[in-house]
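Below is one structure, written out as structure tokens; the observations come after it.
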Amino acid sequence: MQLTIEPEAANSVIAKKLIAELSVELGTIYGDDGSGGFDPSDVMVPRAAFVVAWVDGEAVGCGALRPMPDATIAEIKRVYVRQDMRGQGISRKIMEFLEAIAHQYSYTGLMLETGIQQPAAMALYENMGYSRCDCYDLYADDPRSVCYRKEIK
């Protein structure tokens, strides 16, 4: 398996396709596709990124990094890997790539939100050193949300 992760425009055809796949999955799980929490233009600004994971030339996953109002913190968004490619460490590699970008952009903290019905995602984040924190912004009063934070150096 040849895995590469590369920056991609968040409004590209492949990015839109992966985001749409994630939205369908979230809609199935929660009855809400989660699109209200992500605007592609949020990651088309300085100190932001959208990345795509490729396996043997096929786009299989994505993730994004966007600045938060506190300029020292970024939020990780839209981490997704196609179901048939899960269990191979691709999500972890996407997260590591986004963390490296965050470090390059001089962020000192990362935040993210996932849902209570996504135990694999929660386990990944906790395994990578993320700690649960109070939910923020539009997730603050959502009982389906679980939020995480990690300090980076």
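Every number here is computed from the coordinates shown, using simple stated rules; none is lab data. Everything numeric here is computed off the predicted structure, so don't read it as measured data. FYI the Cβ positions are ideal-geometry reconstructions off the backbone, even for glycines, and counts take in every protein chain you see.
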Checklist line | Set of lysines with alpha-carbon distance to Lys16 below 20 Å, sequence-local pairs under 8 removed | finding: Lys77
Next item on the list: Rounded to the nearest 500, what is the 222 nm mean residue ellipticity of the chain from helices alone, with -39500 (n - 2.57) per DSSP H run of 4+ residues and division by all residues?
Entry: -9000 deg cm²/dmol
Next item on the list: Using a 10 Å cut-off on Cβ atoms, rank the peptides 108-118, 18-28 from the highest mean neighbour count down.
Entry: 108-118, 18-28
Margin query: Report the gain in length on full extension from Ala120 to Glu151: 0.36 nm times residue separation, minus Cα-Cα distance, nm rounded to one decimal.
Written below: 9.0 nm
Check: How much FRET efficiency would the formula 1/(1 + (r/R0)^6) give for Thr28 and Leu138, where r is the Cβ-Cβ distance and R0 is 25 Å, rounded to 0.05?
Finding: 0.75
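How much length is gained if the chain between Ala71 and Met128 is pulled fully straight, taking 0.36 nm per residue apart and subtracting their Cα-Cα distance, in nm to one decimal?
Working: separation 57, 0.36 × 57 = 20.52 nm, distance 2.27 nm.
Length gained, Ala71 through Met128: 18.3 nm.
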Check: Tell me, in nm to one decimal, what length is gained between Asp39 and Gln88 on full extension, where the rule is 0.36 nm per residue of separation less the Cα-Cα distance?
Finding: 14.8 nm
Next item on the list: Apply the Karplus parameterisation 6.51 cos²θ - 1.76 cosθ + 1.60, with θ equal to phi minus 60°, to every residue of region 137-153 and state each ³J(HN,Hα) to the nearest whole Hz, in sequence, with x for glycine and proline.
Entry: 6, 6, 8, 3, 10, 9, x, 8, 9, 10, 10, 9, 9, 9, 8, 10, 10
Notebook entry, point to check: Scanning the chain for helices, which whole DSSP H stretches are 15 Å or more long along the axis (Cα) and average -0.5 or more by Kyte-Doolittle?
Noted result: 13-30, 90-104
Checklist line | Pairwise Cα inverse-distance average, inverted: Kirkwood Rh of the chain (Å) | finding: 15.5 Å
Margin query: If amide hydrogens are placed 1.01 Å from N in the peptide plane, which non-local residues have theirs closer than 5 Å to the one on Lys77?
Written below: Ala64, Leu65, Arg66
Notebook entry, point to check: Which of the aspartates and glutamates could be linked to Lys153 by a straight reach, that is with a Cα gap under 14 Å, when you skip same-chain ones fewer than 8 residues away?
Noted result: Glu96, Glu99
